[in-house]
Amino acid sequence: MAFQFVSRPLGRRVLLGASFIVAAVPACAQEADIQFKKSSLVIVTASREITFEVEMATTDSERAHGLMFRKQLGAHEGMLFDFFREMPVSFWMKNTLIPLDMVFIAGDGTIKHVHANAVPMSTDTIPSRYPVRAVLEINGGSAALLGIKPGDKVKHPIFGNA
């Protein structure tokens, strides 16, 4: 996702987006040398388990950079944004070149909301709707194709269930 992290709360909501320091935008765009840690996670749906290889966005700068400027994402790849505690969050797609599904995940690994096919380059905010611990971004349309929906479980060490 192309967005930037804003560390100032908006009420109790954290906005990943618009108001990040303007001078940081060119720096983020040029930070091709960010090396995200990689991990595997499993989504347990009603009918099967689906494994994804994900890059971990765990720091402010990693979350700010996210999937900006990526031209492709593998079928079972994604990025997992960890906020370390449950809170309402919002994302945007500025500087993101590919459509993404955003899977909003509670602290116990339960999927709370799926936002399908976020529009590339859009500055519209996409709210979590509920407090969440993490957000998984995968290729746009993948959640519907794979049957991923609210109530499904995500297994990963950050949720203490892997």
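Entry remark, the range 34-58: residues being surrounded by 13 or more Cβ atoms within 10 Å (Cβ to Cβ), part of a loop (DSSP other than H, G, I, E, B) and at pLDDT 95 or above number 3 in total.
Of the residues making up the range 106-134, those that are more than 16 Å from residue 94 (Cβ to Cβ) and hydrophobic (A, V, I, L, M, F, W, C) are 106, 111, 114, 116, 132, 134. If you check residue 31 against the conditions, is it of a type in the set (D, E, K, R), modelled with pLDDT of 95 or more and either surrounded by fewer than 20 Cβ atoms within 10 Å (Cβ to Cβ) or more than 16 Å from the chain's Cα centre (by Cα) (or both)? Against the criterion (of a type in the set (D, E, K, R), modelled with pLDDT of 95 or more and either surrounded by fewer than 20 Cβ atoms within 10 Å (Cβ to Cβ) or more than 16 Å from the chain's Cα centre (by Cα) (or both)), residue 31 does not qualify. Among residues of the range 36-63 that are in contact (Cβ under 8 Å) with a residue 12 or more places away in the chain, those with a Cβ under 6 angstrom from a residue that is part of a loop (DSSP other than H, G, I, E, B) and aromatic (Phe, Trp, Tyr), sequence gap 6+ or separate chain, pair up as 55/36; 56/36. Do we find that residue 111 is touching an Asp or Glu at 6+ places or on another chain (Cβ under 7 Å) and either at pLDDT below 95 or assigned to a strand (DSSP E or B) (or both) in this structure? Yes: the conditions hold for residue 111. Checking the structure you have, find out if any residue of the range 105-127 is surrounded by 22 or more Cβ atoms within 10 Å (Cβ to Cβ), of a type in the set (A, V, I, L, M), closer than 16 Å to residue 55 by Cα and in contact (Cβ under 8 Å) with a residue 60 or more places away in the chain. Checked the range 105-127: no residue is surrounded by 22 or more Cβ atoms within 10 Å (Cβ to Cβ), of a type in the set (A, V, I, L, M), closer than 16 Å to residue 55 by Cα and in contact (Cβ under 8 Å) with a residue 60 or more places away in the chain.
Looking only at residues of the range 88-102 that are in a strand (DSSP E or B) and touching a residue at least 60 places away in the same chain (Cβ under 8 Å), we find that the one that is surrounded by the most Cβ atoms within 10 Å (Cβ to Cβ) is 100. Scanning the range 72-87 for any residue that is of a type in the set (Lys, Arg), part of a strand (DSSP E or B), out of contact with any Gly (no Cβ under 7 Å at 6 or more places or on another chain) and free of Cβ contacts under 8 Å to residues at least 60 places away in the same chain turns up at least one such residue.
The values are calculated or read from the model by the stated rules, or taken from the named source; none is laboratory data. Predicted model only: the values in this text are computed from it and were never measured. Because the Cβ atoms are built from the backbone with ideal geometry, glycine has one as well, and the counts that use them run over all protein chains shown.
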